Each structure stands twice: as C-alpha cells, then as structure tokens.
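Below: the structure, in structure tokens.
The values are calculated or read from the model by the stated rules, or taken from the named source; none is laboratory data. None of these values were measured; they are calculated from a predicted model. Here the Cβ positions follow ideal geometry from the backbone for every residue, glycine too, while neighbour counts run over all protein chains shown.
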Amino acid sequence: MSLFRLSNHIFELGLDAQELSVYAYLCSLPADTKTISGKEIVKVKQATIGANCGLRSLQTVARVLSRLTAWKLLESLERGYKRNRHKGTYSYAVKKQPTDSGYFLMERRVFGQLNPRQMLIYLFLCKSFSPTLNDCWNSYNDISEQTGMKRESVIQTIRELTEMKLIRRSRRRSRENRRVFVDNHYQIIRFVKGKIRKRKGRLHRKCNRPGGLHSRHDFPCLKSTTLCRICQAISSSLWSRGSP
C-alpha cells in the first residue's frame, strides 16, 4: 500500500481546503535531502501540484504556495538551471509536523482524484478513523464544525466520496427504537494490489495483506481472472498505531 503518515496537528494550523490539499501533497512526496533545520527538500513542478490537488490554474497554485510560505510551512528555494540553460524544476523545503504525539495514514493514490473540498473531508475522516475499531462515527455537525464547511456541503462531499469508492457510509439503528437511525459510521477503503485467479469456480484474489483469499463479493470491481490490477478493500486493523 502506498501509505504515508500525516500529523494530527495539521488541522490545528488554520489552513483552508486549498492550502491543506497542497501541503498534504508536498508531505507525500519523497524528499531528496534534508536541511539543517529538519525541513525536507522536494522537487516538483507547479503544474504537477495543480493536477494532483485539483487546482486548475498556475496562478492559484502560486498563491497557495505563497500563503504556505507565509505560514512558515514551506520555503521556496532558488531554481537551478539545466544544461540547455533553461530553468529547472521548483524546489521547496517542506516543514513537516511531528508525528510523535499522533498521526494518521493517508493514501497517496487519492491525489489527482479529489478537489480541495473533497480532500479536506477525506483527510478529516482519515484522521478520525480508528484502525483498531475499523470505524469512525463523526456526525455531519461535528465534521462541519471541525472543518469549517457548511453542513450541506459536508453531506454532498461525503456522498461524492462514497460514489468514488473511497469511503463506505453505514447507518446504525438506535438501541431503544430499532426503527430509528441515530449515527453515521464511515470506513476508509484502501487500495490493495494482487493477482486475481480462479479457484473452484469462484473469483478470488491474493492480496498483499493479512486475510488470505477474498471472494469477488469483497471486491465488486474485479472482472478479469488473469490481470494483476489495483483494487480497493475496506481498511482493517493493520497498524499498531494511529490516531489517538
């Protein structure tokens, strides 16, 4: 799985949806080297940042990077020159938040699929998700209050994430009255990679995670019996540490 760690404290930085999306993407990139102050230096084009963060124009990307620089989360380094005397790729020194006091796991493959509004809600659900319980149960009002997004926008965004097969939403009934629904529960759907093969007339898939063989009912997107492809699976308790 292409997972990386993000600190729980990124929601305490006061970043908006665009800034949080770009900052999370820069934190996901492998660092070329580290500076004396502990910042990690990454090289990436502004067009690539925009394509992976749902920002359409380079001017918007430049404004977001300037705001992150003002927050002292980012430092734009001087661009070098190529052999043909053209300017090289932008380099940034990214100040990552410490993960010692709490972190959550983020999937790299969602970049390029989500706009900043969707990314904000997805990041919050990943932070709230408990790998031990394989669940999170934040209400619409709670998500709206924590992210600063309107309740109607939260409902619409969660519907979009569900349709994109990135999360699964389920409703729980009240213990006192089984006819009444009280809570929304969410599960994060992770990407897994493995080979599909046929066994006793049924489609099974060997995944690179504990659990062995899974039936095609667990992976409704599987259609081929010979291809090796990337699929999505409900996240389970695979990690010993996560969001506190």
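Number of residues in segment 112-127 that are more than 13 Å from residue 161 (Cβ to Cβ), surrounded by fewer than 20 Cβ atoms within 10 Å (Cβ to Cβ) and in contact with a Ser or Thr (Cβ under 7 Å, 6 or more places away or on another chain): the value is 1. When you look at residue 51, is it touching a helix residue (DSSP H, G or I) at 6+ places or on another chain (Cβ under 8 Å), within 22 Å of residue 30 (Cα to Cα) and assigned by TED's automatic domain parsing to the domain that holds residue 35, yes or no? No: the conditions fail for residue 51. Please verify whether segment 76-88 includes one or more residues that are of a type in the set (Phe, Trp, Tyr) and assigned by TED's automatic domain parsing to the domain that holds residue 185. The answer is no; no qualifying residue exists.
Among the numbered conditions (1) closer than 29 Å to residue 37 by Cβ; (2) without any contact (Cβ under 8 Å) to a residue 60 or more places away in the chain; (3) not aliphatic (A, V, I, L, M), the only one that residue 135 does not meet is (1). Provide a single number: the residues in segment 1-41 that are buried (at least 16 other Cβ atoms within 10 Å of the Cβ), in contact with a helix residue (DSSP H, G or I) (Cβ under 7 Å, 6 or more places away or on another chain) and hydroxyl-bearing (Ser, Thr, Tyr). Looking only at that region, the number is 4.
Suppose we keep only residues that are of a type in the set (Asp, Glu) and modelled with pLDDT of 85 or more within segment 65-104. Which one would you say is farthest from residue 12 (Cα to Cα)? Looking at the filtered set, the residue picked out is 75.
Quick grid of which residues meet (1) among the charged types (D, E, K, R); (2) in the same structural domain as residue 188 (by TED's automatic domain parsing); (3) farther than 12 Å from residue 188 by Cα:
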| site | (1), (2), (3) |
| --- | --- |
| 125 | no, yes, no |
| 129 | no, yes, no |
| 132 | no, yes, yes |
| 144 | no, yes, yes |
| 149 | no, yes, yes |
| 153 | no, yes, yes |
| 159 | yes, yes, yes |
| 168 | yes, yes, no |
